[in-house]
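Report on one structure; see the data block that follows.
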Amino acid sequence: MIVGIDLGTTNSLISVFRNGQTELIPNALGHLLTPSAISLADDGMILVGLPARERQATHSHLTATAFKRWMGTDHNIKLGKQSMRAEELSALVLKALKADAEAWLGESVTEAVITVPAYFNDVQRKATQAAGRLAGLKVERLLNEPTAAGLAYGLQERTDHATFLVFDLGGGTFDVSVLEYFDGVVQVRASAGDTRLGGEDFVQVLRDWFIEAAPDLNAKEKAGLAEDGALWHAAEQAKRDLTEHEMTTMRLQCLDRSVVLELTRAEYERRCAGLLQRLRRPLERALMDAKLEPSSLTEIVLVGGASRMPMIRQMVTRLFARLPLRTINPDETVARGAAIQAALKARDAALDELVLTDVMPYSLGVVVTEEVDGRRYDDRFSPIIERNTAVPVSRVQTYSTVQDGQTLIILDVRQGESPLGSENLLLGTLEVSIPPKPRGHIGVNVRFSYDVNGLLEVEAHVPATGKTIQSVIQRNADVMTEIEIKIALEKIKALKIHPRDKQENAYLIARAKRLYEDRLGRERQDISHALTRFEALLDSQDEVLIRQHNREFKSYLDSIDKSFVL
Ligand code: ADP
Ligand code: MG
């Protein structure tokens, strides 16, 4: 069985396609959403998901969230003494999802379709594949998230012909795709996005506001507050409150006192004006590339948890002069699409009629020297495949030497839209030896091939020598090498992962600790007593008693904690 995985910045989901439909798989806590969070527990075990995210407020130095933002960089994220790459942390999330699916399906799961933001570059895509490998999953396909949402939408609505725009605002990324659905064929017309814009940026607005508005804090206290996990939790809660209400109260323990501040939705929205502005550009670009007017769209499909904010719905309504579709679950659609793609790969008969074609959202080319009016200009970008070309695709371009007697051509392969080569992202270089000849007398044919996963292969052919150099692209330094992956595999194997069947207990303990830090006085004492009793019971290892008490402890925590869960 190939599973579909939505590996999100904030939340991840796993799904399968069975008996003609998509099915989301619950985790050990019974939730469909697993927070993409990792924490190192006090006993040295690794916690994944909700128990890990609960520790963000109390043990932020031992907890990692939103690490998808670091995919495809060699940035190290610290968990106490451990230091991990985003690929490794993502692999731990994937491993947990895999275990959930295996428990649910009763069979081992080794193949997956994993979704990525359409705007993920070559390096970030390779990083996602590496994360899959580290989790013991063969990544059958990388699928663009809005395309996945489009597949799920197409299958759910089953209209004859529709042109729709998928607007996906998640925790850390923003993706837009324009798709056309016609008689079972889902075709992506254009994609655009911003991999550094999402719900977290709206939380940041609230954190900044709180620090600015909190009275009588010196610079050092303000700096400390900026790092405080409890402030993140309070700001996340306030953001969600402001989705439901016109006003919210943010409360936080700062040193020895409680700081309580009120904020209206109107003021919050004013402070988010810059972020809303940044959402417009990918929207405009996707429509322009698809050669469409906003009015010719059949439907606007909002996905991603952050699209629930009223200001987002209002912006979309104003921009497109119509209300966005409401029948799609913004959290689940991408995962369902991943399961559909997995079934397409497995050639499920129920999907016989469905065909998908996708595009790559950015241009790929090489850096060249150009001659204009007899003058030479270095560092020019020469695109070989332009953005929003349907994949798979293969294109050839011929380049020639610029110097007499030149014996080497260095192909500097880049991705992006800037006319300046150096402003685009370096994917790698390829060195091609050539026989010395007068300039312009020797050429090299450069072939670029994109596959359906959005991964690139480069081939250089020199007609003068008959030689072909294939894809020995010198890797970008940020892509994990084979050796690094092997080392990481060993590292992950050596980690002690908190057992799946004890996940709920770990969650309740982490939650109680957060509430203890949050509350004062009598309530705090009660929490402490309940926690001590529960921990003592866990030591007794009496499974029946533990389960019974677990339920009681949970309802007690539910009764005093009304904050967001997922
Ligand atoms: P990702 O795909 O990046 O994992 P999700 O689609 O799960 O992200 O969306 C997570 C984002 O949605 C978070 O920033 C979260 O705060 C935000 N979010 C979820 N529910 C709400 C809500 N009711 N109001 C505002 N933001 C919300
Ligand atoms: Mg998402």
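The values are calculated or read from the model by the stated rules, or taken from the named source; none is laboratory data. Remember, it's a predicted structure, so these values are computed and weren't measured experimentally. Methodologically, a virtual Cβ is constructed for each residue, glycine included, from the backbone with ideal geometry; neighbour enumeration extends over all protein chains shown. Quick note on the areas: whole protein, heavy atoms, side chains included, nothing else; ligands and nucleic acids left out. Shrake-Rupley method; radii C 1.70, N 1.55, O 1.52, S 1.80 Å.
The table below lists the values:
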{"item": "Cα-based equivalent ellipsoid, the range 469-531: semi-axes from gyration tensor eigenvalues, Å", "result": "47, 16, 8"}
{"item": "Cα gyration tensor, the range 364-473 - rounded (a/c under 1.5), prolate or oblate", "result": "oblate"}
{"item": "When each of 491/562; 68/554; 126/345; 81/513; 345/491 is checked by Cα-Cα distance, pairs over 29 Å", "result": "491/562; 68/554; 345/491"}
{"item": "Separation between Cα centres of the range 105-178 and the range 502-566, rounded to whole Å", "result": "36"}
{"item": "Loop-resident sites, the range 344-385, for trypsin sites (Lys or Arg not before Pro), counting at most 13 other Cβ within 10 Å (DSSP)", "result": "347"}
{"item": "Over 21 Å [Cα-Cα, the range 420-549], rounded percent", "result": "69"}
{"item": "Local electrostatic count, residue 460, Cβ distance below 14 Å [Lys/Arg +1, Asp/Glu -1]", "result": "-1"}
{"item": "Residue-averaged 222 nm ellipticity for the chain, from DSSP H runs of 4+ at -39500 (n - 2.57), nearest 500", "result": "-12000 deg cm²/dmol"}
{"item": "Carbon + sulfur, % of accessible area of the range 27-157 - ligands and nucleic acids excluded, 1.4 Å", "result": "48"}
{"item": "For the range 500-560: accessible area per residue (Å², 1.4 Å)", "result": "61"}
{"item": "Residues of type aspartates and glutamates that residue 437 reaches as a straight line, Cα spacing below 17 Å, ignoring anything fewer than 8 places off in the same chain", "result": "404"}
{"item": "15 Å beta-carbon shell around residue 103, net charge (K/R +1, D/E -1)", "result": "-2"}
{"item": "Charge context of residue 422, other residues only, Cβ under 13 angstrom, K/R +1, D/E -1", "result": "-2"}
{"item": "Candidates per GluC sites (Glu not before Pro) in the range 201-249, loop by DSSP, up to 16 other Cβ within 10 Å", "result": "227, 246"}
{"item": "Ordering of 298-307, 335-344 by burial proxy (mean other Cβ atoms within 10 Å per residue, highest first)", "result": "335-344, 298-307"}
{"item": "By average C-beta atoms within 10 angstrom, highest first, the peptides 133-140, 75-82", "result": "133-140, 75-82"}
{"item": "Two-decimal ratio, the chain, of alpha-carbon radius of gyration to 2.2 N^0.38 Å", "result": "1.05"}
{"item": "Qualifying GluC sites (Glu not before Pro) for the range 316-387 [loop in DSSP, other Cβ within 10 Å: at most 11]", "result": "353"}
{"item": "Average silhouette area of the range 100-225, convex hull of alpha-carbon atoms, in square nanometres", "result": "12.0"}
{"item": "Descending Cα extents along the principal axes, the range 500-560, whole Å", "result": "32, 19, 17"}
